[in-house]
């Protein structure tokens with residue numbers, strides 16, 4: 001088994017009166033996360049190489065500000081060469097009815113220098129060596145658990161490949177984020193059997209339920225956009241008490257997506273900031289969990305504005321840490337604390 005992937009070990013928070021927690025998870029995927037709809041001639045693809053610098057900058061900011069974060073990383077990115085990637089490919093691969101989703105049709109270059117959009121082993125190593133940063137899984141191949149054609153057997157093989165390529169870098173993964181948030185509860189046993197103890201469940205808000213790619217309607221996309229600015233209540237926060245589910249898996253759902261800065265909506269940024277800080281304050285003052293997520297590449301096109309906005313959020317967190325005792329925790333930290341308390345509370349055997 002690999003060594004610790006959790007940034008120096010878990011921060012265990014015991015006791016009935018738990019503090020509020022800020023959990024940050026990042027979907028680190030590069031082209032694997034958008035290849036079904038983004039070609040090499042697109043602006044989005046052009047952002048991917050500079051987004052590698054965004055990864056290192058985010059890790060540096062988190063280190064400087066003592067923020068613990070979870071980096072849900074596509075398994076293919078753990079490789080630094082095509083040969084390294086090939087050594088960990090699963091035998092059972094997804095048989096999607098829509099072949100646009102099949103990542104194994106992707107041609108991969110010789111190494112990171114030749115193909116920085118698909119290989120990122122050096123970045124994984126850099127993040128893993130940064131204090132407080134947890135390397136987690138975004139599945140091996142950006143696997144879609146709700147698309148037609150794929151099977152549980154194929155998903156199990158995918159997660160096994162993710163653990164295998166992580167182990168080659170001395171890491172064991174315990175947290176899982178499903179691509180496109182396609183959590184499939186029928187696959188819970190497969191997740192647990194592959195060594196995972198937590199996952200990021202879908203945000204329980206309008207437009208955010210788990211669904212196949214083709215089921216996202218324009219009204220759902222509009223609802224998610226409006227939710228970022230003018231939701232009727234703060235983003236959802238979560239109790240520590242009801243996170244543990246079937247197969248010993250901790251569901252740590254998303255509270256909010258940190259929507260990218262865009263010049264067209266810059267005048268709405270005060271609303272966006274107010275809504276996110278309201279969620280953090282609610283979590284801090286009621287001893288609950290606020291889970292914020294985004295993709296590193298979301299910061300690439302407007303880095304100055306994006307990092308400035310993040311800085312204002314972290315300033316709010318610092319204030320809540322001082323006044324309310326709020327903690328910065330990774331997904332692994334949360335799951336470890338819950339599982340420790342659950343095992344302590346369980347009656348002893350004969």
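Label zone (residue 184, point 7 Å along Cα-to-C-beta; backbone nitrogen cut-off 18 Å) within region 61-96: 75, 90-96.
Put in order of Cβ neighbour count within 10 Å, fewest first, the listed residues 76, 250 become 250, 76.
Taking every alpha-carbon pair under 8 Å whose residues sit at least 6 apart, the chain reaches a relative contact order of 28 percent. When the chain is treated as a GNM with alpha-carbon contacts under 10 Å, the residue of 130, 99, 54 showing the greatest mean-square fluctuation is 99. For 96, 187, the sequence from fewest to most other C-beta atoms within 10 Å is 96, 187. Taking every DSSP bridge with both residues inside region 21-345, close to 10 percent are antiparallel.
Taken as Cα centroids, region 251-289 and region 36-60 sit 23 Å apart, rounded to the nearest whole angstrom.
Over all Cα atoms in region 106-149, the spread is summed up by Rg and Dmax: 13.7, 40 Å.
Per-residue ellipticity at 222 nm, computed for the chain from helices alone with -39500 (n - 2.57) per DSSP H run of at least four residues, works out to -11000 deg cm²/dmol.
Considering only 188, 113, 72, the mean-square fluctuation computed in a Gaussian network model of the chain, springs between alpha carbons under 10 angstrom, is largest for 113. Build a GNM of the chain with springs between Cα atoms under 10 Å apart, and of 280, 326, 34 the one that fluctuates most is 34. Counted by neighbouring Cβ atoms within 10 Å, the residues 27, 36 run from fewest to most as 36, 27. Counted residue by residue at 0.36 nm each, then reduced by the alpha carbon distance between them, the extension gain from residue 92 to residue 233 reaches 46.3 nm. Distance between the 7 Å Cα→Cβ label points at residue 64 and residue 148: 5.0 nm.
Values in this text are rule-based calculations from the coordinates and carry no lab data. Since this is a predicted model, take the numbers as computed values, not measurements. So basically every Cβ, Gly included, is an ideal-geometry build from the backbone, and we count neighbours across all protein chains shown.
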